[in-house]
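A.B. asks: Sharing a structure, written as structure tokens. Questions coming.
The values are calculated or read from the model by the stated rules, or taken from the named source; none is laboratory data. Here the structure is a predicted model, which means the values were calculated and not measured. Cβ placement follows ideal geometry from the backbone for every residue including glycine, while neighbour counts extend to all protein chains displayed. Keep in mind that these areas ignore ligands, DNA and RNA; they rest on the heavy atoms of the full protein, side chains included. Shrake-Rupley method; radii C 1.70, N 1.55, O 1.52, S 1.80 Å.
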Amino acid sequence: MTATLIKNAQLIDPEADTVTSGHLLIQDGKIAEILTENIEFEGLFRARNIDPEIIDAGGKHLAPGIVDIGVKVGEPGERHKESYGTAGQAAAAGGVTTMVTRPDTTPCIDTPEALEFIRRRANEAAPVHVLPMAALTKGRDGKEMTEFGFLMDAGAVAFTDCDNVVRDTKVLTRAMSYAKSLGALVMGHPQEPTLSKGAAVSSGKFATLRGLPGVSPMAERMGLDRDIALVEMTGARYHADQITAARALPSLERAKKNGFDVTAGTSMHHLTLNELDVADYRTFFKVKPPLRSEDDRQAIVAALRDGLIDIISSFHTPQDEESKRLPYEEAASGAVGLETMLPVLLRLYHSGELELPTLFRALSLNPAKRLGLPAGRLAQGAPADLVLFDADKPFVLDRFKLKSKSKNTPFDSARLQGKVLGTWVSGNRVFKA
């Protein structure tokens, strides 16, 4: 039987909300034992009849692998921006052990045949788990819902039209009612589509000074209010992909207090950047929704710390140089994040804004629970999907060294602190620094 012992680690347990010194034994792709005391290893090995590979973590942190909901991969249609091979390598280097991919491809993933193609490609090329989401409506055009049942049979874990907000409330009501009957998860993008159309930044003084079209954060609040009203009407399972504005938080809090099956996520960029980072039209900082004010950023961090926001995602969106090297209004939105998410979010740990168990509850445990996965925890019998990292290792990010095909990161040349040393997927080491 294959076995690995990772000894002398700082074990981050998001379920118990603890960081403890100890050792972790992997056997046959699962966590076989967690030891928090000094023991005589030879006796343990004899008792289990194993001769494991021994890795000395040297006091570095060991945590459940990251489950990243909302990853964009270019296949099919835009393989020049990102393939499953390069996305998988970037994920492994970033401690992401499960990618939950978006259906906003060309063509979009709206049929069982397209989904089956994606699953085959991903399993062949990516060294990490890949779980596909499917489109909520055909062509993501908001007019006719997809065949949820067939798509779930083909492996769809959730349904979303991504940033193509369904404008027809009757169509969305039918889709959510259908999803309720099947127990399917619907992921929404909370924005009022008319107000947010054509916006490049958040409205306010900065947008006015730069002469850029802005959108009020209230557009997010309005979109979320509509979606929550439909959850109340239909009883559907619902996840808001990105909550980025303080004004949306009261609606989310009311929904949870009313017992609705609602969870919410946010992105690594909205937790660590604000609207002023756009500076003089830096298009690598153009994301969707646009970066918010510093007050909004702090409110979202507090909501995450308090458990109101459940999940952090990278919203990895690869774009080539040609689509980013344009005037700010015309440039494509999005940034890569699979490989940079953990070191970037460790800024919040080093600044004292978030503790490590809180961070991994949002990165690993909560997304796994929302999707009904056994991953995301350090527990006996759980899948050995793990990340070992040095939280204090300083480095300067060079975007050209990223494993993604596209290099559109807003953190190029940024000073970061925290390096992934190793990643394991089902007990197999898929990355070694």
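A.B. asks: What are the pairs, 6+ residues apart or on separate chains, where a residue within segment 125-145 that is more than 13 Å from Thr111 (Cβ to Cβ) and without any contact (Cβ under 8 Å) to a residue 40 or more places away in the chain has its Cβ under 6 Å from a residue that is surrounded by fewer than 24 Cβ atoms within 10 Å (Cβ to Cβ) and of a type in the set (D, E, K, R)?
C.D. replies: As it stands, the answer is Gly142/Arg167; Gly142/Asp168, since those pairs meet every condition given.
A.B. asks: On to the next question. Restricting to segment 118-175, name every residue that is closer than 20 Å to Gly235 by Cα and assigned to a helix (DSSP H, G or I).
C.D. replies: Phe148, Gly149, Met152, Thr169, Lys170, Val171, Leu172, Thr173, Arg174, Ala175
A.B. asks: All but one of (1) within 29 Å of Ala245 (Cα to Cα); (2) crowded, with 20+ Cβ neighbours inside 10 Å hold for Ala126, so report the exception by its number.
C.D. replies: (1) is the only condition that Ala126 fails.
A.B. asks: Of all residues being among the basic types (Lys, Arg) and in a helix (DSSP H, G or I) in segment 200-253, which is most open to solvent (accessible area, probe 1.4 Å)? Just the residue, please.
C.D. replies: Per the stated criteria, the residue is Lys205.
A.B. asks: Moving to a separate point now. Regarding segment 54-63, can at least one residue be identified that is surrounded by fewer than 20 Cβ atoms within 10 Å (Cβ to Cβ), of a type outside the set (Lys, Arg) and not in a strand (DSSP E or B)?
C.D. replies: Yes, there is a match, as at least one residue in segment 54-63 is surrounded by fewer than 20 Cβ atoms within 10 Å (Cβ to Cβ), of a type outside the set (Lys, Arg) and not in a strand (DSSP E or B).
A.B. asks: A further question follows. Is it the case, given these coordinates, that Asp17 is open to solvent by 20 Å² or more (accessible area, probe 1.4 Å), touching a helix residue (DSSP H, G or I) at 6+ places or on another chain (Cβ under 6 Å), of a type outside the set (Gly, Ala, Ser) and at pLDDT 95 or above?
C.D. replies: Spelling it out, Asp17 is indeed open to solvent by 20 Å² or more (accessible area, probe 1.4 Å), touching a helix residue (DSSP H, G or I) at 6+ places or on another chain (Cβ under 6 Å), of a type outside the set (Gly, Ala, Ser) and at pLDDT 95 or above.
A.B. asks: Which residues, taken from segment 129-151, are closer than 23 Å to Thr97 by Cβ and either touching a Phe, Trp or Tyr at 6+ places or on another chain (Cβ under 9 Å) or of a type in the set (Gly, Ala, Ser) (or both)?
C.D. replies: Answer for segment 129-151, where residues must be closer than 23 Å to Thr97 by Cβ and either touching a Phe, Trp or Tyr at 6+ places or on another chain (Cβ under 9 Å) or of a type in the set (Gly, Ala, Ser) (or both): Val130, Met133, Ala134.
A.B. asks: Of everything in segment 275-297 that's out of contact with any Ser or Thr (no Cβ under 6 Å at 6 or more places or on another chain) and outside any helix (DSSP H, G or I), which residue is surrounded by the fewest Cβ atoms within 10 Å (Cβ to Cβ)?
C.D. replies: Looking at residues that are out of contact with any Ser or Thr (no Cβ under 6 Å at 6 or more places or on another chain) and outside any helix (DSSP H, G or I), I get Asp280.
A.B. asks: Of all residues in segment 318-339, how many are open to solvent by less than 20 Å² (accessible area, probe 1.4 Å) and touching a Gly at 6+ places or on another chain (Cβ under 7 Å)?
C.D. replies: 2
A.B. asks: Select from segment 350-370 the residues that are in contact with a strand residue (DSSP E or B) (Cβ under 7 Å, 6 or more places away or on another chain) and either part of a loop (DSSP other than H, G, I, E, B) or farther than 17 Å from Ile311 by Cβ (or both) and list them in ascending order.
C.D. replies: If the condition is that a residue be in contact with a strand residue (DSSP E or B) (Cβ under 7 Å, 6 or more places away or on another chain) and either part of a loop (DSSP other than H, G, I, E, B) or farther than 17 Å from Ile311 by Cβ (or both), then His350 is the only one that fits.
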